[in-house]
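What follows is a short report on a single structure.
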Amino acid sequence: MLAARIRGAARLTILTGAGVSAASGVPTFRGPEGLWRQFRPEDLATPEAFARDPRLVWEWYAWRREKIAACRPNAAHDVIARWSGVRPRNGATQGSDPGTERLKVVVLTQNVDDLHVRAGTRNLVRLHGSIWELSCWNRCATGAAWRDERVPLPEPPPRCPRCGGLARPAVVWFGESLDARDVGAAVEATECDVFLTVGTSSVVYPAAGLVHRARERGAFTAEVNLDETPASSMVDLAIHGPAEEILPAL
Ligand code: OAD
């Protein structure tokens, strides 16, 4: 049923969360082994925590960067990347048959691990930023983030190359707003034929509100998750199982 919906769609939007990266070995936040079972978000993932103890926050991010650096995209990332570059109407891959209308796929992720990037996903919006990017804590110069993939980072906490002040992970912390352009792109992507929410507990807003918005706008909505979530009862179809098996089967 979902496969048929996707095949018939002109616009497909996929929202992903930590469950998509679980099979790669990236810890989720709220599962039995989840990060928020061992650590308190207010100690590690807020601007107040960073202001209080930047070294402690950086030690936690350096540990996560090390863990993620050892992880590879799994079958769920691969399928999403393939979908983001194909036209399923006639089965042709992108680049051939230029006259054919393309499926427009937008991938919205809450994951900061960049495994979607490494899988080659197109039209990707990283709603919560990237653990592989840093920005200036003092918001000097343009405020633009820069990429730093060094593992381990030399002597945390790292410094801003422009002003010499503290650098921070370019991720969205609790109490911070998402980038307005990302929110705009996400809201625009709720105007779609099929909205698929995959591997997210659907409790962190504004990301969790997108599936509701898509449904209100007339999209067919579906969830792929190991467990029930607050979204399960409102979507048109809830499939319970591992994303790395369900998506390739689709
Ligand atoms: P969570 O850890 O809250 O939820 C992960 C979801 O994935 C759960 O609902 C699991 O049941 C499901 N899951 C686990 N393994 C799966 C698998 N193999 N296949 C399918 N589903 C699976 O992660 P998120 O929903 O991504 O934000 O969390 C949202 C945000 O909360 C994160 O981006 C982060 C966190 O605090 C910030 O840090 C701002």
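Restricting the search to the range 1-47, which residues are among the acidic types (Asp, Glu) and in a helix (DSSP H, G or I)? Can you show your working first?
The first filter runs over the range 1-47 and keeps only residues among the acidic types (Asp, Glu), leaving 33, 42-43.
Hits for the range 1-47 are 42, 43.
Results for (1) farther than 30 Å from residue 214 by Cα; (2) without any contact (Cβ under 8 Å) to a residue 24 or more places away in the chain; (3) among the β-branched types (Val, Ile, Thr), shown as yes or no for each residue.
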| position | (1), (2), (3) |
| --- | --- |
| 153 | yes, no, no |
| 159 | yes, yes, no |
| 177 | no, yes, no |
| 184 | no, yes, no |
| 192 | no, no, no |
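Go through the range 134-250 and tell me which strands (runs of 3 or more DSSP E), entirely inside it, have 1 or more residues that are closer than 25 Å to residue 117 by Cβ and near the ligand (Cβ under 9 Å from one of its atoms). Talk me through it step by step, then tell me what you get.
Numbers: elements: 167-171, 194-198, 220-225, 237-240.
Fully inside the range 134-250 and qualifying: 167-171, 194-198, 220-225.
Count, please, the residues in the range 140-155 that happen to be under 22 Å from residue 69 (Cβ atoms) and surrounded by fewer than 16 Cβ atoms within 10 Å (Cβ to Cβ).
Taking the range 140-155 and keeping what is under 22 Å from residue 69 (Cβ atoms), we get 145-155.
Narrowing further to those that are surrounded by fewer than 16 Cβ atoms within 10 Å (Cβ to Cβ): 146-147, 149-152, 154-155.
Counting residues in the range 140-155 that are under 22 Å from residue 69 (Cβ atoms) and surrounded by fewer than 16 Cβ atoms within 10 Å (Cβ to Cβ) gives 8.
Filtering the range 71-100 down to residues that are among the charged types (D, E, K, R) and loosely packed, with under 15 Cβ neighbours inside 10 Å, which residue is modelled with the highest pLDDT? Write out each step before concluding.
Initially, the range 71-100 is screened for residues among the charged types (D, E, K, R), giving 72, 78, 82, 87, 89, 97.
Filter again for loosely packed, with under 15 Cβ neighbours inside 10 Å, leaving 72, 97.
Details: 72: 98, 97: 37.
If we take residues in the range 71-100 being among the charged types (D, E, K, R) and loosely packed, with under 15 Cβ neighbours inside 10 Å, then 72 is modelled with the highest pLDDT.
Quick one: residue 167 ticks every box in (1) surrounded by 13 or more Cβ atoms within 10 Å (Cβ to Cβ); (2) within 21 Å of the chain's Cα centre (by Cα); (3) in contact (Cβ under 8 Å) with a residue 24 or more places away in the chain bar one, so which box is it?
(2)
Can you spot a residue in the range 173-189 that is crowded, with 19+ Cβ neighbours inside 10 Å and over 20 Å from residue 131 (Cβ atoms)?
yes
Tell me, please, whether a residue that is within 10 Å of the ligand (Cβ to nearest atom), at pLDDT 95 or above, of a type outside the set (A, V, I, L, M, F, W, C) and outside any helix (DSSP H, G or I) can be found in the range 49-70. Step through it out loud before you land on a result.
Of the residues in the range 49-70, the ones within 10 Å of the ligand (Cβ to nearest atom) are none.
There is no residue in the range 49-70 that is within 10 Å of the ligand (Cβ to nearest atom), at pLDDT 95 or above, of a type outside the set (A, V, I, L, M, F, W, C) and outside any helix (DSSP H, G or I).
The values are calculated or read from the model by the stated rules, or taken from the named source; none is laboratory data. These numbers were taken from a predicted model, which means no experiment stands behind them. In this analysis, Cβ positions are derived from the backbone assuming ideal geometry, glycine residues included, and neighbour counts consider all displayed protein chains.
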